[in-house]
Structure formats: structure tokens, C-alpha cells
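The values are calculated or read from the model by the stated rules, or taken from the named source; none is laboratory data. Predicted, not measured: the structure shown is a model, and the values here were computed from it. As a convention, Cβ positions derive from the backbone with ideal geometry for all residues, glycine included, and neighbour counts pool all protein chains shown. Note: accessible area is taken over every heavy atom of the protein model, side chains too, but ligands, DNA and RNA are not part of it. Shrake-Rupley method; radii C 1.70, N 1.55, O 1.52, S 1.80 Å.
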Amino acid sequence: METQEAVPEGPGPHRHFICSSFNQDTTSLSVGTKTGYRLFSVTAVDKLDCIHEGVECPDVYIVERLFSSSLVVVVSLSMPRRMNVYHFKKGTEICNYSYSNNILSVKLNRQRLVVCLEESIYIHNIRDMKLLKTLLNTPVNPTGLCALSVNHGNSYLAYPGSATIGEITVYDANNLSTVTLIQAHDSPLAALTFNASGTKLASASEKGTVIRVFSVPEGQKLFEFRRGMKRYVSISSLSFSADAQFLCASSNTETVHIFKLEQHSPSQEEESPTWSAYVGKMFTAASTYLPTHVSDMMHQDRAFATVRLNMFGLKNICALAMIQKLPRLLVASSEGYLYVYNVDPQDGGECVLVQKHRLFESGEEQEEEKEEENQEDGPQQPAGQSYAATVALPSTPPSSTTLMGYSEDGGAQRGEVIPEHEFAEGPICLDDENEFPPVSNQSN
């Protein structure tokens, strides 16, 4: 009689949870929910303060906050082609913008706001939300994968340069020109991220076994890390520490990896002739006689530190942050929790869980279940016309108040007509020190 291994039942996704993202300096966590969105402060270990709960629109699948300011960008499943920009402290909408297809991701810094669709990218000036550039006919990008440098001094934008291989296009969103193309992986890209200064770019492919770090704008490979060998995984997030000394990677597995970006000089090895150093030299010598793919694996660094989560197959995002003067790893999971781990910057190893925060109160599910039961018992009201039905209506000719999006070569003939967005009166004020900390220059 054949027996099957029992699969342990782990936690499942939280019914309210749709998406999550950390802000640019990892001081805030944004969570998209069935009823709207929530903004949390993550500047303390022992408490998780919900600083705002937005209910302007339900089913939020994209929510991005600009540093610690009041500006937040929201996209709802009910209107996936429309981006809303809110000033959440005042409770007002700054503007909204509609696009020709579903919005897949939004990235922002103090200079630019980037909207990524499946085959096009739109670059806005965040000060007045004017459309500066439209990159049309970009390679098919079904997940909206892209990364924008937090450093608005360069505002580098990275996105897939191919749908079949792991090519990265690095674009200067300030000067609106292509910087370089990087041949990063053999397989299509799965994750991208810049360090805080925009001088390093990390990438992973759909295989998820190797993570590479490149210099920007040169595009030279600086580091290569091996996440694993036994199986292909789906990398869900990459994130540098503020000083770019560490890089963390999370996936659909139970392990989060932290890699240390350090160059191994020959002088260091000679000063400490350990057994491991001796074995390393033997492997290096032997690698010259081995096939390329084998020698490449021998030169790839392994994880400096790891975290074993109590979940498998659930989407999560990770970030490294200095909280209360100590390095921490933050993991936000779709099961509805934020995990905080201590990281040993000297010895690495297994990180220690120090706090576990609920993103949703335990009583919320019970209240919603009661509301659903009441709705099922009561008479159903006739629903208004759905968004899907609205966009299915015959389109009307563009009016004279439309904006023309320009293609990569600057030609208006290839431009795409986009409905004009509704502006707030006057420019968007983002220079108030009460809105977010002053800009500080960092060099790595």
C-alpha cells in the first residue's frame, strides 16, 4: 500500500490582505486591504503604530508612500487603470491620472513618479505631476517589474530590456535618456532594486538561484551570490541596507537570505591562513580546469545570515533597517504579520525573532463576517454600472484637453493619447520639513 507524506498545514493569506510595501527609507509600511489601505510606522521594535487608514477606495492593490510625507499613491482593483494621489493628513486628493491599460506598479522619489504598465512606462515630475516621458513598446512585463533609485539626484530607473532573457535597461529619469544595458541573467528577470545612493543595482532571475549586484551607471558586475542550488524559487523582494553593506532576499520559500557585500582581498587571506582559506584556495585552483557553470558556482558567495519563517508558499517582502540604533530585518507577510529580527552585523548566522506584530486586529474578521451575513439576509440593492462595463463602452474621440505621451525617440507620431489628469490647484508642496526629513547626501 502506497503512503503519501503528510503536508504540514501552514498559515494562509489573510483575507483582508492584498499588498504591502516599505517606503524609501524603511520608516513606514503600507498595506493594501479589501477596505482601503493602512500606513504603519516601523521606527520602533516593541510597537506598530497605524498612523493612517484610508477608505477612499476599496481593494487597493498598489499603495506607495513618499518617504514620511503625506503623499500616498493608491490604485484600486475596481479602477485598475486609474492612479490616485492623496494628501492623507489633509484628507484630500491631490490629483488622479488614467492610463490606457492596467497599472502594474508605481515607484516614486522626491523628483519623479514612475507608472509601469505591461508594455509601457510613464515618467512624471512629482512636483506638479506633469507627464515628462512615455516609454512605449517596452518588452512585455506582466508583473510590472521595475526599480527607481531613491536618490533623486540621479533618479535611475531599471526595467527589463527583454522578455526572454535577463537583460536590464538602466534609464536616467532626470535627463530622460538610456544609460546602459546590463546582461544580468540567462533567464527573465524576477526582482530588481537599487541601493540608497543609486550606485548599485541588484537583480535576480525567474530561476531565483543567483543574485547579482552591478555598479551604476557603468553596469559592471560587482558581486554574485548563490541563494540556493536544489530548487528554483520565486524571488519576491530584494532590499539593500542603508549603507549598502548588506542585501536581503525573500522568496516563496521559508528562508530569507542576507548577503554581505565585501571584497575578499588576497592580503586578508594571507594574514589569516585558516583551514577554510586553504580549502578556498584549492577550489579556486581547481576551478580553472572545470566547466564554466561549475567554476561559476565555486566563486559565488553564500548567505551571511538567514531567517527561517514559519510559512511556505506565501508572498512576503523584506527590508533591512536601523531601528533604535540596531540593524533589523523586517518581513511583512501576506498572512497579516510583520516580523522583526535582530541581525548580527559581525558574525551573521541565524537571525533572532524579537517581535511579531499583527497588521489586522483579531476582532476585524468577526465584524466583517457579521456584516456579510447581514448583507446576505437583507434585500440586495441594484448595483451601479461596473468599471469593466464602463471601459467596454465604445470609446469617444479624444478631446482637445488630452496630453500627448512621447515615445523613446521623442517622436510625436508614435505618442499615445492619454486622458488628462485632474490637477490640484497650485504645485504639490513637498519641501516642508514637517512633511519629511531634509535630504541628506550619502556616499558608498
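It is to be established whether one or more residues within the range 212-219 are within 19 Å of the chain's Cα centre (by Cα), among the β-branched types (Val, Ile, Thr) and in a strand (DSSP E or B). Scanning the range 212-219, I find at least one residue that is within 19 Å of the chain's Cα centre (by Cα), among the β-branched types (Val, Ile, Thr) and in a strand (DSSP E or B), so the answer is yes. Within the range 119-128, identify whether any single residue is within 18 Å of Val73 (Cβ to Cβ), of a type in the set (S, T, N, Q) and surrounded by 23 or more Cβ atoms within 10 Å (Cβ to Cβ), and answer yes or no. No; the residues of the range 119-128 include none that is within 18 Å of Val73 (Cβ to Cβ), of a type in the set (S, T, N, Q) and surrounded by 23 or more Cβ atoms within 10 Å (Cβ to Cβ). Scanning the range 181-199 for residues that are within 21 Å of Ser105 (Cα to Cα) and either of a type in the set (Lys, Arg) or in a loop (DSSP other than H, G, I, E, B) (or both) returns Pro188, Asn195, Ala196, Gly198. Selection within the range 49-62: residues that are open to solvent by 10 Å² or more (accessible area, probe 1.4 Å) and under 17 Å from the mean Cα position of the chain (by Cα). The member of this set that is nearest to Phe88 (Cα to Cα) is Ile62.
Would you please name the residue that is modelled with the lowest pLDDT, looking only at residues in the range 310-332 that are open to solvent by less than 20 Å² (accessible area, probe 1.4 Å) and farther than 24 Å from Ala244 by Cα? Among those that are open to solvent by less than 20 Å² (accessible area, probe 1.4 Å) and farther than 24 Å from Ala244 by Cα, it is Met311. Going by what's in this entry, would Ile123 be described as part of a strand (DSSP E or B) and under 30 Å from Ser234 (Cα atoms)? Criteria met by Ile123.
Within the range 162-177, is even one residue farther than 23 Å from Leu104 by Cα, open to solvent by less than 30 Å² (accessible area, probe 1.4 Å) and polar (S, T, N, Q)? No - not one qualifying residue is present in the range 162-177. The numbered conditions (1) open to solvent by 30 Å² or more (accessible area, probe 1.4 Å); (2) at pLDDT 95 or above are all true for Arg65 except (1). When the test is whether a residue is of a type outside the set (Gly, Ala, Ser), touching a Pro at 6+ places or on another chain (Cβ under 9 Å) and buried (at least 20 other Cβ atoms within 10 Å of the Cβ), Tyr97 passes it.
When the range 194-212 is examined, which residues are found to be open to solvent by 20 Å² or more (accessible area, probe 1.4 Å) and closer than 18 Å to Ala163 by Cα? Glu206, Lys207 - these are the residues of the range 194-212 that are open to solvent by 20 Å² or more (accessible area, probe 1.4 Å) and closer than 18 Å to Ala163 by Cα.
From the list Leu189, Leu136, pick out the single residue that is open to solvent by 10 Å² or more (accessible area, probe 1.4 Å), in contact (Cβ under 8 Å) with a residue 40 or more places away in the chain and touching a helix residue (DSSP H, G or I) at 6+ places or on another chain (Cβ under 9 Å).
Exactly one of Leu189, Leu136 is open to solvent by 10 Å² or more (accessible area, probe 1.4 Å), in contact (Cβ under 8 Å) with a residue 40 or more places away in the chain and touching a helix residue (DSSP H, G or I) at 6+ places or on another chain (Cβ under 9 Å), namely Leu136.
Residues that are closer than 14 Å to Arg308 by Cβ and among the acidic types (Asp, Glu) within the range 339-356 comprise just one, Glu350. For the range 22-48, enumerate the residues that are in a strand (DSSP E or B), out of contact with any Cys (no Cβ under 7 Å at 6 or more places or on another chain), buried (at least 21 other Cβ atoms within 10 Å of the Cβ) and not hydrophobic (A, V, I, L, M, F, W, C). Correct list: Ser28, Ser30, Thr33, Tyr37. Counting only residues that are under 21 Å from Asn23 (Cα atoms) and in contact with a Phe, Trp or Tyr (Cβ under 6 Å, 6 or more places away or on another chain), the range 142-179 holds 4 of them. When Asn154 is tested against (1) of a type in the set (S, T, N, Q); (2) without any contact (Cβ under 8 Å) to a residue 12 or more places away in the chain; (3) open to solvent by less than 30 Å² (accessible area, probe 1.4 Å), just one condition goes unmet, and that condition is (2).
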